[in-house]
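A.B. asks: To start, I am sharing the structure in question, which I have written as structure tokens.
The values are calculated or read from the model by the stated rules, or taken from the named source; none is laboratory data. All figures in this text were calculated on a predicted structure; none of them were measured in a lab. Note that we place each Cβ from the backbone using ideal geometry, even for glycine, and neighbour counts take in every protein chain shown. We work out accessible area using only protein heavy atoms, side chains counted, and drop any ligands, DNA or RNA first. Shrake-Rupley method; radii C 1.70, N 1.55, O 1.52, S 1.80 Å.
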Amino acid sequence: PRRRQEVARVWSQIACMRWMTERSLAQLRLGQPTGTAGSLVKLAWSRSDQALATLALDLLGLPGTQGQWATNLASSRSTSIAGGTTEINRNIVAEQGLGLPRR
């Protein structure tokens, strides 16, 4: 049950990320501003990528440390840096999306 719940949680994160991305692309196609959507998608991407890699290692055990899943696990940590660090994207959402003062 614990593993099944974790699989459902990670699947949900990935599904939400996909829907957020599709919405942003639809807005772009219509020429509408996307606001902070890019930063929110980036935050969702790095979080779900790391969760998926951790889940795969948990489910596969030692064989998960080889091949494609091992590559994904190693590279998943860099997703919080690629495309702007998590902290930068959170600041963008806070300042531009929520109107909070700059820190």
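A.B. asks: Read through the list (1) touching a helix residue (DSSP H, G or I) at 6+ places or on another chain (Cβ under 9 Å); (2) open to solvent by 60 Å² or more (accessible area, probe 1.4 Å); (3) acidic (D, E), then give the number of the only condition that E22 fails.
C.D. replies: Status for E22: all satisfied but (1).
A.B. asks: Condition first: assigned to a helix (DSSP H, G or I) and either closer than 16 Å to A82 by Cβ or touching a residue at least 60 places away in the same chain (Cβ under 8 Å) (or both). Now tell me which residues in region 11-39 satisfy that.
C.D. replies: Those that are assigned to a helix (DSSP H, G or I) and either closer than 16 Å to A82 by Cβ or touching a residue at least 60 places away in the same chain (Cβ under 8 Å) (or both): M17, T21, G38, S39.
A.B. asks: Which residues, counting only those in region 51-80, are free of Cβ contacts under 8 Å to residues at least 24 places away in the same chain, hydrophobic (A, V, I, L, M, F, W, C) and surrounded by 12 or more Cβ atoms within 10 Å (Cβ to Cβ)?
C.D. replies: Result: A53, A56, L57, L60, W69, A70, L73.
A.B. asks: In addition: Across region 89-101, which residue is farthest from A53 (Cα to Cα) among those that are open to solvent by 60 Å² or more (accessible area, probe 1.4 Å) and in contact (Cβ under 8 Å) with a residue 40 or more places away in the chain?
C.D. replies: Among them, the one singled out is Q96.
A.B. asks: Checking T85 against (1) out of contact with any Phe, Trp or Tyr (no Cβ under 9 Å at 6 or more places or on another chain); (2) surrounded by 13 or more Cβ atoms within 10 Å (Cβ to Cβ); (3) modelled with pLDDT of 90 or more; (4) not small (G, A, S): exactly one of these is not met. Which one?
C.D. replies: Going through the list (1) out of contact with any Phe, Trp or Tyr (no Cβ under 9 Å at 6 or more places or on another chain); (2) surrounded by 13 or more Cβ atoms within 10 Å (Cβ to Cβ); (3) modelled with pLDDT of 90 or more; (4) not small (G, A, S), T85 breaks only (3).
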